[in-house]
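The values are calculated or read from the model by the stated rules, or taken from the named source; none is laboratory data. For clarity, every value in this text was computed on a predicted model and none was experimentally measured. Reconstructed Cβ throughout: ideal geometry from the backbone, glycine too, with neighbour counts over all protein chains shown.
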Amino acid sequence: MKAKYVNPFTDFGFKKIFAEEASKPLLIDFLNALLKQERKIESISFKSTEQLGFTVADRKAVYDIYCENEIGEKFIVELQKVKQNYFKDRTIYYSTFPIVEQAEKGEWNYKLSAVYCIGILDFTFDTKNEESKDEVMHTIKLKNQYGKVFYDKLTYIYLEMPNFLKTEEELSSRLDQWLYFIKHLEDFQVIPSIFKDTVFIQAFESAELAKFTEAQRHGYESSLKVFRDNFNALEYSKEEAKREGREEGREEGREEGRVEGRVEGREEVREESRLELLKSKLNIAQKLKNKGMSLKETMDFTGLNEKELTNGLI
């Protein structure tokens with residue numbers, strides 16, 4: 001059955017729902033549901049999503065959404081489609097820009113407004129912590145050695161969407177509704193009864209493909225094609241990694257001689273597998289670049305960092 005609504009995990013779809021001027025009520029409602037603060041956000045203003053360094057040589061940051069509320073609190077909202085090397089490091093790096101931009105000229109007492117970095121992840125973290133491995137929402141703050149919050153103006157929130165498994169009947173909060181909406185939007189043919197209030201009606205109207213202009217349809221189709229191409233490329237990379245892992249296992253089975261020989265053999269196979277996988281990802285990255293994908297999007301979809309892309313084929 002042909003989709004009626006956009007795929008919110010595409011770059012175009014996500015921004016169509018949350019990053020347009022008319023979408024402010026939707027983003028405000030989502031942020032209030034996510035943060036659950038006693039003082040609700042009343043208004044927001046969008047800020048430039050491209051953050052430059054102090055000099056032309058400094059590295060820049062490009063956000064999906066960057067906004068500020070009525071009291072100056074900053075919000076970065078990122079849709080992350082695939083795992084990426086040093087993803088957490090990148091999030092920390094991104095959070096420095098809204099902090100540094102608050103510096104005032106002349107005399108300044110260093111008082112800062114709060115910064116929130118929010119990641120909507122279409123993957124899960126690799127964790128061995130049994131208590132948190134199935135969690136949907138992770139909230140991180142700076143804490144001391146006793147587990148007490150040391151600084152409450154810097155917050156990182158990650159939403160692991162694959163872990164959100166609630167059915168429509170199990171939704172119990174506003175945040176549940178938003179996560180259900182994001183995860184299943186492309187599959188809806190009619191608006192479920194739980195989404196009958198004004199905010200969600202507007203969200204469905206914004207996402208309805210039939211109401212797109214010709215330019216919007218073209219932009220969405222291009223974004224959707226990139227999304228599908230990358231999904232297939234990533235699936236291929238996973239299958240290649242599994243195949244290489246099986247071959248590595250067979251090689252290890254043959255190396256049943258001396259202990260030293262087995263260790264050296266495993267290391268050589270691992271290194272060869274790593275290089276082959278890197279080569280495969282770089283080939284995929286080159287194809288994505290040829291299709292017009294930005295460096296940031298290429299990093300998101302391949303899991304390679306900027307240094308690996310710069311030193312490779314890109």
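Go over the candidates Ile76, Ile71 one by one and state the one that is aliphatic (A, V, I, L, M) and not in a strand (DSSP E or B).
On the way: Ile76 fails: not in a strand (DSSP E or B).
Exactly one of Ile76, Ile71 is aliphatic (A, V, I, L, M) and not in a strand (DSSP E or B), namely Ile71.
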### Residue that is at pLDDT 90 or above and in contact with a Ser or Thr (Cβ under 9 Å, 6 or more places away or on another chain), where the choices are Asn69, Asn144
Asn69
### Query
Quick check, is Val226 at pLDDT below 90 and either outside the structural domain of Lys15 (by TED's automatic domain parsing) or in a helix (DSSP H, G or I) (or both)?
yes
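Among the listed residues Tyr110, Tyr116, Tyr156, identify the single one that is in the same structural domain as Lys88 (by TED's automatic domain parsing), assigned to a loop (DSSP other than H, G, I, E, B) and closer than 23 Å to Lys47 by Cβ. Give the steps one after another, and end with the answer.
Numbers: Tyr116 fails: assigned to a loop (DSSP other than H, G, I, E, B); Tyr156 fails: assigned to a loop (DSSP other than H, G, I, E, B).
Among Tyr110, Tyr116, Tyr156, only Tyr110 is in the same structural domain as Lys88 (by TED's automatic domain parsing), assigned to a loop (DSSP other than H, G, I, E, B) and closer than 23 Å to Lys47 by Cβ.
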### Summary
Residues of the range 153-185 being buried (at least 18 other Cβ atoms within 10 Å of the Cβ) and acidic (Asp, Glu), in sequence order, are Glu160
### Task
For Phe181, indicate whether it is at pLDDT 95 or above, touching a helix residue (DSSP H, G or I) at 6+ places or on another chain (Cβ under 9 Å), over 18 Å from Phe75 (Cβ atoms) and not in a loop (DSSP other than H, G, I, E, B).
yes
### Query
Lys16 fails exactly one of the following numbered conditions: (1) under 25 Å from Thr155 (Cβ atoms); (2) part of a helix (DSSP H, G or I); (3) at pLDDT below 95. What is the number of that condition?
(1)
### Query
If only one of Phe150, Phe125 is of a type in the set (Phe, Trp, Tyr) and free of Cβ contacts under 8 Å to residues at least 12 places away in the same chain, which one is it?
Phe150
### Task
Tell me, please, whether a residue that is crowded, with 18+ Cβ neighbours inside 10 Å, in a helix (DSSP H, G or I), in contact with a helix residue (DSSP H, G or I) (Cβ under 8 Å, 6 or more places away or on another chain) and in the same structural domain as Lys183 (by TED's automatic domain parsing) can be found in the range 33-55.
yes
### Query
Of (1) touching a strand residue (DSSP E or B) at 6+ places or on another chain (Cβ under 7 Å); (2) surrounded by 13 or more Cβ atoms within 10 Å (Cβ to Cβ); (3) within 28 Å of Ser95 (Cβ to Cβ); (4) of a type in the set (A, V, I, L, M), Ala203 satisfies all except one. Which?
(1)
### Task
Can you give me the number of residues within the range 206-217 that are without any contact (Cβ under 8 Å) to a residue 60 or more places away in the chain and either in contact with a helix residue (DSSP H, G or I) (Cβ under 6 Å, 6 or more places away or on another chain) or surrounded by 12 or more Cβ atoms within 10 Å (Cβ to Cβ) (or both)?
2
